[in-house]
Amino acid sequence: RVLNTLLQPYYKKLNLTFKENVSEDEDSDDQVFAEFDDEKGVIFYPRMYVQRYAAVSDCLMDERWNGQLEKVVDFGYHDMSFIKYLKEVPGIKHVLGVDIETIPLQCSSLILGCDEHTRENPLKVTLFQGNAADPDYRLIGCDAVIAIEMIEHMLPHDLERFVHTVFGFIKPRIVILTTPNADFNILFKALENNGLRRLDHFFEWSRSQFNDWCSNIVDRYPNYTVTCKGIGPGPPDTLRLGCCSQLALFVAKVYHKQNDLDLNSLAVVACTDVPRPTSLSDMTCSFDCIPDSSMLCLTDGLNCSTLQVNKFSKTTQSLIAKNKIDSLAYTREVVDEIKHLTRMLNFNKDGCGQRNGCVWHNFNWGENAPYWNQYYKVVRDYSHPFEIKSEESLILDAISEEINLLIDSDNVQYALDVDKFEIPIAHLMEVVKHITNDTNKVKDLLEWNGYQVVDDVLIHSRLVVDTISAGLEEDEWLDNDTLSDNATYVGRSIIKYESYARSCRKTRILPASWTA
Ligand SMILES: C[S@@+](CC[C@H](N)C(=O)[O-])C[C@H]1O[C@@H](n2cnc3c(N)ncnc32)[C@H](O)[C@@H]1O
Ligand SMILES: [Mg+2]
């Protein structure tokens, strides 16, 4: 809902052709275009990062997977500016942020607790410090990978490893990458002295270079398809240069959701005299992928790792030896010792599993399998408070959403005049029929919550919300929820403030500090 409210005016129009004449008309807020300013160079409307976030959100909410992306990682999340919106993507349960820098991480860990509001669904946000190139085992199970303007900050060998971490290790359903379009740079005067690229970027690619890189990825990881598009059209007459940024959307042809490797549901399989695997493509653990008898294979049904048997105590080793291949039923002691050992490995000093002596082995990855490797440091792990909604609030929410829809569509059927509507309760009962068919209960609930109900009709007067929301959407984005927002909004009339606050609370974009 938040993303819709904030982004829809923009992302629905991203594919429109540019405005030929930049006029001062009322709609200009809603248009996507750019113009030249003698001093500042190209100016984007809306701001470039808004267009970028809108395009990425658009991909995340594609109807093919909308509501199904539960675990999502944002690589190079910087100051969390996108994570804020990611948290509102339908169906999301776990957001991971990974950034190599620690300074922005510290700032962002302050931001996290501030916007506390009670959610309807549980959501965990985990911020890591680490290199996106490293396949940390906690990335397992991500349905979507996002990296907004990050790849150009990576060293070539890290970028290559990153590709494998994403497409060979995480294997998510979708991957969204954005990077600047070098073709566009001649429009930025400031870049002229830097060889037409930003100094903190290791490279900037033309559209054809980016396309080549992307198609090379899908050649190597044939389970993926890719489409590229531009974000941020330039001023009229610059069409040939493309857009300011470019976005690649990779989609898995076949997607198997990986479970997080769960130590508590491990099955343990001992093995003797089992042939080595012949195919590296099958990730599922079965007996024929177990390397040799000196290894113990651990699997939670999907992921598998092996552990050197000689790392166990003598007692356990003899227990393992006794339970040959067909036994999944190890004694409690053996399982406990395995868990203990694996935990010790995960939490050793450099946090990378045990590298010397090759404790871990995985048939896909060889020695020192990354499955169990803990490359990243947790900077912050935050579970949002949530509450399961009562039936009453579900009814009220559904009805208020319907009322807004009717009003927004300028429905003439129920309009008395421009600001007043008479909506039959029977119409509203349709909207809540999956919850209740008790008309009296719904009428009582509506009256109790301040709605005017006369006979079997709800009388609704339009609030100022609609007229001001368009103007405020952009402010909300631009000012980034900083304290200065208060100053801006206090200047507006109280009724606007109030109704805006109400609509924000409803859509849950209002930070707690702001409400106060
Ligand atoms: C231009 S900022 C990204 C902006 C941000 N994604 C957004 O949505 O606005 C690039 C970020 O990538 C991070 N970064 C650079 N190399 C990285 C790497 N190898 N692994 C993880 N993060 C990296 C930087 O620390 C920086 O925060
Ligand atoms: Mg950059």
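The values are calculated or read from the model by the stated rules, or taken from the named source; none is laboratory data. Here the structure is a predicted model, which is why all the values come from computation and not from measurement. Positions of Cβ are backbone-derived with ideal geometry, glycine not excepted, and every protein chain shown enters the neighbour counts. Areas reflect the complete protein model, heavy atoms only, side chains present, ligands, DNA and RNA absent. Shrake-Rupley method; radii C 1.70, N 1.55, O 1.52, S 1.80 Å.
I'd like the GluC sites (Glu not before Pro) in region 371-411 restricted to DSSP loop residues with at most 16 other Cβ atoms within 10 Å, sorted by number.
Numbers: sites: Glu387, Glu391, Glu392, Glu401, Glu402; in loops: Glu387.
For GluC sites (Glu not before Pro) across region 371-411 that sit outside H, G, I, E and B with at most 16 neighbouring Cβ atoms in 10 Å, the list reads Glu387.
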**Report entry** Ordering of 48-56, 454-462, 158-166 by packing [mean C-beta count within 10 Å, highest first]
**Finding:** 48-56, 158-166, 454-462
Query raised in the report: How would Phe250, Phe203 rank on accessible area, largest to smallest, probe 1.4 Å?
Result: Phe203, Phe250
Report task. Using amide H atoms built 1.01 Å from N in the peptide plane, name the residues 5+ places from Tyr224, or on other chains, whose amide H lies under 5 Å from its own. Result -> Lys253
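So for Trp448, Trp65, Trp205, what's the accessible-area order with a 1.4 Å probe, most first? Before the final figure, lay out the partial values.
Details: Trp448 215, Trp65 0, Trp205 40 Å².
Putting Trp448, Trp65, Trp205 in descending order of accessible area: Trp448, Trp205, Trp65.
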Query raised in the report: Check Phe386: other-chain or 5+ apart residues with amide H under 5 Å from its amide H, H built from backbone geometry?
Result: Arg119
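In region 122-168, what percent of the accessible surface is made up of carbon and sulfur (1.4 Å probe, ligands and nucleic acids excluded)?
Values: 740 of 1170 Å².
Percent of accessible area from carbon and sulfur atoms in region 122-168: 63.
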Query raised in the report: For region 154-159, in order, what is each residue's ³J(HN,Hα) by Karplus, 6.51 cos²θ - 1.76 cosθ + 1.60 with θ = phi - 60°, in whole Hz (x at glycine and Pro)?
Result: 9, 5, x, 5, 5, 4
Report summary line: Phi-derived 3J(HN,Hα) across region 218-234 with the Karplus relation (6.51, -1.76, 1.60, θ = phi - 60°), rounded Hz, x for Gly and Pro, is 6, 5, 7, 10, x, 6, 10, 10, 9, 10, 10, 8, x, 10, x, x, x
Query - Gained length - Glu120 relative to Asp79, 0.36 nm times residue gap less alpha-carbon distance - result: 12.2 nm
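Taking 31 Å as the cut-off for C-alpha to C-alpha distance, list the pairs among Lys71/Lys314; Lys314/Lys377; Lys257/Lys377; Lys189/Lys253 that go past it. List each step's numbers first, then the result.
Numbers: Lys71/Lys314 40 Å; Lys314/Lys377 33 Å; Lys257/Lys377 25 Å; Lys189/Lys253 42 Å.
Checking Cα-Cα distances, Lys71/Lys314; Lys314/Lys377; Lys189/Lys253 exceed 31 Å.
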Query raised in the report: For the pair His164 and Leu239, how long in nm is the line joining their label points, each one 7 Å along Cα→Cβ?
Result: 4.4 nm
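Between Phe36 and Asp419, take the C-beta separation as r, use R0 = 41 Å, and let me know the FRET efficiency to the nearest 0.05.
Approximately 0.50, to the nearest 0.05.
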Query - Placed amide H near Glu149: partners under 5 Å, 5+ positions off or other chain - result: Thr178, Thr179
**Report entry** Calculated diffusion of region 180-222, Stokes-Einstein form, Kirkwood radius summed over Cα pairs, 10 °C and 1.306 mPa s, µm²/s
**Finding:** 139 µm²/s
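For Glu192 and Lys257, calculate 0.36 nm times their separation in residues minus their Cα-Cα distance, and state this gained length in nm to one decimal.
Numbers: separation 65, 0.36 × 65 = 23.40 nm, distance 4.63 nm.
Roughly 18.8 nm would be gained on extension.
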